[in-house]
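Notes for the one structure printed next.
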């Protein structure tokens, strides 16, 4: 049976007056359920759900984890019929349920590719894992690098003017200066988009680590495949002829984080 609620249906269709009137009919027609019955059904989770500012039905049926600070600080709140919060603080952190841990696998600027000029791209987004011969412990990680933004560079697209006093991370991470908007800087921006394919393997402690310079590790970026256009003379030549390599000397710290479930009560979720 579908677990969609009337509230979710309204959000999906934009919450118009017509949708409000049609919601019971739509849920019955599309999903074969009565909207009021679906509203009441909540499937318990096998982990402690995170507490969000807006009330959810799950908070009435089981405890929830309320983050109160950085690095996993928080408190478990008991289930209650009153799920509204009188106030809340925004925690600028990656928050996971207490049964999970988070840790770093590979970072923006890390050189894990056969070509030492290549480095792991910027702004990790969608992530997929493909096991080698069906393995869950050894395989290739695809990471989508969605866009470029500050602090990669102060001239990155849509950088707010109020960030001008803060340092960019281009020199610290890549060892290059991206403070001037020119062909080299725009080339680095395009290189940092796209995706990375990195082989990772699980160690005895249960954490994944990358296998540097695996022959199938590779970058797919905004200028991939443009080498054949180096001799262009039209208006695109300044972009398509950019560089034979993309950046030097990365030493930083941004990147992908993985969450794994603890399998024993004695594990520390914040290690």
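No lab work stands behind these numbers, since they all come straight from the coordinates. What you are looking at is a predicted structure, and each value in this text was computed from that prediction instead of being measured. Cβ: placed from backbone, ideal geometry, glycine included. Neighbour counts: every protein chain shown.
Per the Debye formula on identical point scatterers at the alpha carbon atoms of the stretch 66-178, with no solvent, log10 I(q)/I(0) at q = 0.11, 0.12, 0.16 Å⁻¹ is -0.62, -0.71, -1.04. Paramagnetic label reach from residue 203 (point 7 Å along Cα→Cβ; backbone nitrogen cut-off under 13 Å): within the stretch 115-142, no residues. Each listed q (0.14, 0.15 Å⁻¹) maps to a log10 I(q)/I(0) for the stretch 131-227, found by the Debye formula over equal Cα scatterers with no solvent: -0.68, -0.74. Neighbour counts of other Cβ atoms within 10 Å put 63, 179, 153, 196 in the fewest-to-most order 179, 63, 153, 196. Counting every other Cβ atom within 10 Å of each residue's Cβ, 47, 113 order from fewest to most as 47, 113.
Applying D = kT/(6 pi eta Rh) to the stretch 117-158, where Rh is the Kirkwood radius over alpha-carbon pairs, T corresponds to 10 °C and eta to 1.306 mPa s, the Stokes-Einstein value obtained is 129 µm²/s. Exposure proxy shown here: for 188, 99, 158, the number of other Cβ atoms within 10 Å sets the order, fewest to most, as 158, 99, 188. In this label model, residue 70 and residue 147 are separated by 2.5 nm, measuring between points 7 Å along each Cα→Cβ vector. The label point for residue 127 and the one for residue 182, both projected 7 Å from the Cα toward the Cβ, are 3.7 nm apart.
One decimal place: the segment residue 87-residue 171 gains 26.2 nm when fully extended, by the rule 0.36 nm per residue minus the C-alpha distance.
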